[in-house]
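Single-structure report; data block below.
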Amino acid sequence: MEFHQLEALVAVAEFGSFADAADHLSLTQPAVSIAIRKLEEELGVPLFDRMRREVRLTDAGSAVLERAREMLNVRIEAQRAVDELRQLRAGKVAVGANESTNLYLLPSIILAFRNLHPAIKVEISRSSSVLLPRDIKEHNLDLGIIAFDPEDPAIAWFPILKDELVLILRPNHPLAKGKRIDPKDLGKQTFVAHNVRSPSRDYVIQFFRKHGVTLNIGIELSSIETIKQFVEMNLGIAFVPKLCVEQELRDKKLVTLPITGFRQQRVLRVIYLKDKVLSNAAQRFLDVIKLNATNTKADSR
């Protein structure tokens, strides 16, 4: 059973004539007759009473006609839905990122995207960065944003922003009086740390271990926003992405100082499945990210 056969059935039923149906469908009369005959052969019943002067549906033809119209309407609706997706009048894009990216990077990107495509739904999931490559491979997300190389040949990525990990303190903290901090001066300090495992946290621990300093992680929190507030309340010092504290540094609520030998740069990357054909919505979101990306001097993969 094919759509052109159903179209022929509906046309002959509506016009009561094979010739008029053929004209309506821009086909020859024999082509319409063949389509009806093949449909009758497949169903095993006659659909039209050809013994009368007028072409009339049989009882079986009337039953099939109703279903034929339903199927043709479904095809029209399906084509309309595809057209809306293609023309970005419908659809969604699913993006995953950690807390800091959600708060400090994605809002401007989402605003730019929504200005261009207001009908597209943007679904943002907050997740640990180390889990995002898996979510991409399992097709739970279209795109993800992470701060490390996933080192997975199935994952493609594009650099969008260069950031760095910085030490934040209250402006009146004793260590804030200098211009640079020696790693050994931090051994007696209380650190407020993010309790989520990440490459940045691993780097900090390994750096101080290399310098013979044991960090006193007195407080662990799940939110960078809360970490900043704890530092402002003089409950400790902390390492955070600079992207997250730019406003506090401008307002002089917090300060940051370099540490001798310490430099942890982070390249934020948008990741996606290399062999997956992205939806129109996801591809346009990726295009907007690339358009708004800062030059990181890093190669995409």
- Extension reserve of the residue 78-residue 211 stretch, reckoned as 0.36 nm per residue once the Cα distance is removed: 41.5 nm
- Query: Antiparallel as a % of all DSSP beta bridges within the chain, to the nearest 5?
  - Reply: 55 percent
- In whole percents, the bins of 5 Å from zero upward hold the Cα-Cα pairs of segment 141-299 as 2, 8, 16, 18, 18, 13, 10, 8, 5, 2, 1
- Mean separation of Cα contacts under 8 Å, 6 or more apart, over the residue count of segment 162-265: relative contact order %: 50 percent
- Item | Calculated on alpha-carbon atoms, Rg and Dmax of the chain in Å | 31.9, 105
- Message: Per-residue counts of other Cβ atoms within 10 Å, averaged by peptide: what ranking do you get for 13-21, 174-182, highest first?
- Response: 13-21, 174-182
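Direction-averaged shadow area of the convex hull around the Cα atoms of segment 1-145, nm²?
Averaging across all directions leaves 12.7 nm² for the Cα convex hull.
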- Any chance you could check the Cα centroid distance between segment 183-199 and segment 1-25 for me, in angstrom? 77 Å
- So what's the convex hull volume per residue for the Cα atoms of segment 4-69, in Å³? 75 Å³
- For residue 42 and residue 149, calculate 0.36 nm times their separation in residues minus their Cα-Cα distance, and state this gained length in nm to one decimal. 32.8 nm
- Using Cα pairs closer than 8 Å and at least 6 residues apart in sequence, work out the relative contact order for the chain, in percent. 22 percent
- Can you give the FRET efficiency for residue 290 and residue 17, using 1/(1 + (r/R0)^6), R0 = 35 Å, r = Cβ-Cβ distance, to the nearest 0.05? 0.05
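Contact order normalised by length for segment 44-157, with contacts defined as Cα pairs under 8 Å and 6 or more residues apart; what percent is it? Present the calculation step by step, with values, prior to reporting the outcome.
Numbers: 110 pairs, mean separation 25.8, N = 114.
With pairs under 8 Å counted, the relative contact order is 23 percent.
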- Formal net charge of residues neighbouring residue 7 (Cβ-Cβ distance under 12 Å; K, R +1; D, E -1): 0
- Rounded to the nearest 0.05, FRET efficiency between residue 184 and residue 242 (Cβ-Cβ, R0 25 Å) equals 0.60
- Along each of its three principal axes, how wide is the spread of alpha-carbon positions in segment 199-262, in whole angstrom units, largest first? 34, 23, 21
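Every read-out reported here was derived from the displayed coordinates using simple, explicitly stated rules and does not represent laboratory data. Source: prediction; values computed, not measured. With ideal geometry, Cβ positions are generated from the backbone for all residues, glycine too; neighbour counts draw on all protein chains shown.
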